[in-house]
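Report on one structure; see the data block that follows.
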Amino acid sequence: MTTTVRATRRDATANRAALLDAAREALRRDPAASLETIAAQAGLSRRALYGHFASREDLVAELVTSAAERIGAIVSTVDDPDPRRAIAMLGAAMWDEIEHIRALAQVAVRGPHRESVARALAPVRSRLRRSVDRGRAAGLVREDMPALRVAGLVEGAAIAVLDEATSSGLSAHEGRRLVMLATLGAAGLSWTEADAIVEGLR
C-alpha cells in the first residue's frame, strides 16, 4: 500500500513538472497557447491538467513564481563591487528568467497572485536595496529621496520595460538592454552614464 502511494505521488510530481515544462515551451512560442495544447505537449489530458491547476491564471502564476524563485536562488551570485553594475545585473537576471513569458508575467505581477510572486522575489529586493545603499554611500546613486523609494523606482522601471517589451515586441536582446538602462536611469544615472555601464557588461 505504501509503495503504491509513493508511486502515485511520484507520478503526480512528475506530471506537474511535465506540465510546467510544456507550458514554458508552448507559451514561449505562442503566449495565447491553449490549455489543451499545453496538456497535449506534456502527454496528458486537459482533465489531468486541471488536477494540478484550477485555471490558466493559476498555471501562469506558478510559472512566474517559479521563475521568481530561481531568480532568488541565483541572486547571491549576481553582484559587483560597483553598485551601479550590480543594479544593472539584477535587472538583466530578472529579464532573463521571465522574458519568454513576458505577456503572462505582466498579469502575474499585478494579479491576484502578486503577493506570492512578491514573496519569491524578496531576496532580489533585499539585494537591490543593499546595492542602492552602497551606491548612495559612494555618491553614485541618487540621494534626493529615501533609499527604499529609490529601490521601488528601480523595480518599477523593470516592470515598465516588461510592459513596453510586450506591447512593442522587443527582442530578448533589446529588452535585456533596455531593462538595464531603465533601472540605472531610475537609480539616478544619466543616459550616457547608464549606456557606458551597460556597454561594459556586454
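Structure summary
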item	result
Residue satisfying all of: in the range 52-61; more than 11 Å from Leu19 (Cα to Cα) and not aliphatic (A, V, I, L, M); modelled with the lowest pLDDT among these	Glu57
Flag for Arg47 being on the phi < 0 side of the Ramachandran plot, in contact (Cβ under 8 Å) with a residue 60 or more places away in the chain and not in a loop (DSSP other than H, G, I, E, B)	no
Helices (runs of 4 or more DSSP H) contained in the range 116-202 and holding at least 1 residues modelled with pLDDT under 95 and open to solvent by less than 30 Å² (accessible area, probe 1.4 Å)	122-137, 147-168, 172-186
Residue count, the range 158-176 (criterion: without any contact (Cβ under 8 Å) to a residue 60 or more places away in the chain, closer than 16 Å to Ala186 by Cβ and of a type in the set (Gly, Ala, Ser))	1
Unmet requirement for Glu57, which otherwise passes all of (1) closer than 19 Å to Glu99 by Cα; (2) open to solvent by less than 20 Å² (accessible area, probe 1.4 Å); (3) in contact (Cβ under 8 Å) with a residue 24 or more places away in the chain	(2)
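The values are calculated or read from the model by the stated rules, or taken from the named source; none is laboratory data. Note that the structure is a prediction, hence the values are computed from the model and not measured. Cβ: placed from backbone, ideal geometry, glycine included. Neighbour counts: every protein chain shown. For the accessible areas, the whole protein counts, side chains as well, though only heavy atoms, and no ligand, DNA or RNA atoms are used. Shrake-Rupley method; radii C 1.70, N 1.55, O 1.52, S 1.80 Å.
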